[in-house]
There are 2 protein chains.
Amino acid sequence: MKTITIRPATPADHDAVWCIFEPVLATGDTHAFAPGASREEVLGYWFQPSAHTWVAEQEGRIVGTSLIRPNQPGLGDHVANAGYIVAPAFRGRGVASAMCAHSLDAARAAGFRAMQFNFVVATNAVAVELWKRHGFAVVGRVPRAFRHVALGEVDILIMHKTLDAGETRGDPRA
Amino acid sequence: MKTITIRPATPADHDAVWCIFEPVLATGDTHAFAPGASREEVLGYWFQPSAHTWVAEQEGRIVGTSLIRPNQPGLGDHVANAGYIVAPAFRGRGVASAMCAHSLDAARAAGFRAMQFNFVVATNAVAVELWKRHGFAVVGRVPRAFRHVALGEVDILIMHKTLDAGETRGDPRA
């Protein structure tokens, strides 16, 4: 497998990150941002001041991007939230899995004690299974909270993983 | 029972709203904002551009404040999120219940099809029971996601209610 390198994103990566988002959002089947969401809205969220944002590179190309941020302020800020997006042409190569493992390590290193996903589309079986392989459990299910462009209103899953400070990095593909 | 009037909040209400938040947050048992959270951070959230914010008045005094906002952007923006806070001296008078009923009506009128609470402290039994009386169901439970100042890490509940467009306003105290 070709090496995937993950490094902090910079403003110079805005174009590349947007070029990943735009076609993925157009399908309207995995992310809350609607098809046609503005570059300003999406990048404003993805590069928000409280977030750490990374890009994943393979053979010198940016193939994915990830972020972590506190899921809540104050007395809830020990739980991280994370997001991932992979360029359609680079799916099935372990990019999302590598970004997830990296973000869990980064969250642990930053002192977060758990990670929570707030908005996993229940019909996105590939993602749900991938997060489960990384140790996430489904802790909630919100009925009809996502307007899937093809399927109509579908459920949203809330997924959670406790971060053990002593845990060593484990890539579930190994 | 003395009449509770709920009207849109304006910038002139910032001081009164902050005077409600500050002592409630100091107890560290119900809201994510930590004791000592800054006025700027709290009011920035409570009066965010995507929110509708109200104040509840009783006998000419502001006794509570509430907001609704889309819980997600784009394909998740048919689900409202809401928040409520009651001045400690005016608890037990139905202020939170009145604000909840009002916000459900307002959300329905604005076209939202459901309401979701993301962060109900599981040990806050009064709130959990009140939301249940208003028709909310627990759809998720996140372990140890709130650092309760007195109790340590406690669980967070995610609660949800579908809004039926034809539903008439019902105050569960009636």
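What follows is calculated from the coordinates using simple rules that are stated; it is not laboratory data. Since we're looking at a predicted model, the values are computed, not measured. Please note: Cβ atoms are built from the backbone with ideal geometry, for glycine as well, and neighbour counts cover all protein chains shown.
On the stretch given as segment A:106-126, residues that are within 12 Å of chain B (Cβ to nearest Cβ) and of a type in the set (Ser, Thr, Tyr) total 0.
When restricted to residues that are of a type outside the set (D, E, K, R) and within 11 Å of chain B (Cβ to nearest Cβ), segment A:63-79 contains 9.
Scanning segment A:18-42 for residues that are more than 8 Å from chain B (Cβ to nearest Cβ), assigned to a helix (DSSP H, G or I) and either touching a helix residue (DSSP H, G or I) at 6+ places or on another chain (Cβ under 7 Å) or over 16 Å from A:Val149 (Cα atoms) (or both) turns up A:Trp18, A:Cys19, A:Ile20, A:Phe21, A:Pro23, A:Val24, A:Arg39, A:Glu40, A:Val42. Take the conditions more than 30 Å from A:Arg141 (Cα to Cα) and either within 14 Å of chain A (Cβ to nearest Cβ) or in a loop (DSSP other than H, G, I, E, B) (or both) and apply them to B:Glu57. Does it pass? So B:Glu57 fails the test.
Residues checked against (1) among the small types (Gly, Ala, Ser); (2) in contact (Cβ under 8 Å) with a residue 24 or more places away in the chain:
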position: B:Ala109; (1), (2): yes, no
position: B:His134; (1), (2): no, yes
position: B:Ala137; (1), (2): yes, yes
position: B:Leu151; (1), (2): no, yes
position: B:Lys161; (1), (2): no, yes
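For A:Glu41, the requirement of being of a type outside the set (S, T, N, Q) and over 13 Å from A:Thr65 (Cβ atoms) is met.
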